[in-house]
Structures are given as structure tokens and as C-alpha cells.
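The structure appears below as C-alpha cells.
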Amino acid sequence: MLETFFEEHSIQYFQLTKKETWKLQQKWRETFSKIIKEKKGKWIYGDYNWHTFSFDFAIHKLGARAIELYKNVSSKEYYVLSEKDDNLGYKCCSKTLHDLSAFGDYYVFPEDMEWTMAFTHEQSIGLGPYFALKQWQ
């Protein structure tokens, strides 16, 4: 389903290996969830990585403001990781960043982790999407 979206929007992509995906997940957590680790002794609070934002462990922007900031960052190459499937990740290349809200729990970020966008399955009740900069942490 997400791959069809990529193709329909001229997004070049390739699927990452499980090892590549795991390394990127850990790098993301070390960047955006370090306060959870310090306070709770683990990288994830609750069931989702994006709880780092919904429980205010990490500085972020929410909702329409998050989408606005996300659409204004420039990144031709970026990663998309699934929250539901720890083994599913993509390296993508496109001229613009796209709203992935319709797909539920996905994280988008560049290799340097300067920013991230977390789309969630709970956006209809105000939990997401979340945008954060590394420098805010």
C-alpha cells in the first residue's frame, strides 16, 4: 500500500534490510527518545515510539503546525520507517516530502536526524502528527 503511494507520487524508494532498519530505529531513539531512556530506563514509553512526543518527553510541534514545518524542510533523501513492523523501512528520494497521515504509524527523517515527522494512527483524536528538530532536544 505504501509502495503504491510511492510509485503514484514519483518517489524513488528501496526497502531496507532488517539490520539497516533496526540501526536507523535505534539512531532515531537515541536522538528523539533519550529523555525517556534517562527517566524510564527504556527507549519506548508505552507502546509507540511516538509517545516520546505525546507524553512530552521531547520538544515537538503538533498537528497542522507540524505538517507546515515538515513541508518546509528540504530533504531529497530521507527514510520512512514503520512503527507496526520493526523490520520495515525504506530509503526514499523525491523533490518534495509527502503527508503520510493516511498510512498510520510511520516516521520520516533524513540520515543526519536533523528533523523527524511522526505520523500516527491516533491523529483523528489529536495525537499527531508530530514534528521535531534534533536541535530542540
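What follows draws every value from the coordinates through simple rules; no lab data is involved. Computed from a predicted model, the values in this text were never measured in an experiment. Counting neighbours? That spans all protein chains shown, and the Cβs are built from the backbone with ideal geometry, glycine included.
How about the stretch 40-124: which GluC sites (Glu not before Pro) there lie in a loop by DSSP and see at most 16 other Cβ atoms within 10 Å? Sites meeting the loop and neighbour criteria: Glu111, Glu114, Glu122. 3J(HN,Hα) couplings calculated from phi for the stretch 78-85 with the Karplus curve 6.51 cos²θ - 1.76 cosθ + 1.60 (θ = phi - 60°) are, in sequence order, 7, 10, 10, 10, 8, 7, 6, 10 Hz; Gly and Pro show x.
With θ taken as phi - 60° and the Karplus curve 6.51 cos²θ - 1.76 cosθ + 1.60 applied, the whole-hertz 3J(HN,Hα) list for the stretch 64-69 is 4, 5, 4, 4, 4, 5 Hz, x standing for glycine and proline.
From the Cα gyration tensor of the stretch 46-137, with a ≥ b ≥ c the square roots of its eigenvalues, which class applies: rounded if a/c is under 1.5, or else prolate if a/b is larger than b/c, or else oblate? Since a/c stays below 1.5, the shape of the stretch 46-137 is classed as rounded. Across the stretch 108-114, rounded Karplus estimates of 3J(HN,Hα) from the backbone phi angles (6.51 cos²θ - 1.76 cosθ + 1.60, θ = phi - 60°) give 10, 6, x, 4, 7, 6, 5 Hz, Gly and Pro being marked x. To the nearest ten degrees, helix 18-32 and the longest principal axis of the Cα atoms of the chain are 50 degrees apart.
Based on DSSP H runs of at least 4 residues, each adding -39500 (n - 2.57), what is the mean residue ellipticity at 222 nm of the chain after dividing by all its residues, to the nearest 500 deg cm²/dmol?
Values: 5 runs with 43 residues, N = 137.
That calculation yields -8500 deg cm²/dmol at 222 nm.
Taking each residue as 0.36 nm, the span from Leu62 to Glu111 lengthens on full extension beyond its C-alpha to C-alpha distance by 15.4 nm. Extending 7 Å from the Cα toward the beta-carbon at both Lys39 and Phe103 defines two label points whose distance is 3.0 nm.
Put simply, the amide H of Trp115, placed in the peptide plane, has neighbours under 5 Å in Lys134, leaving out anything fewer than 5 places away on its chain.
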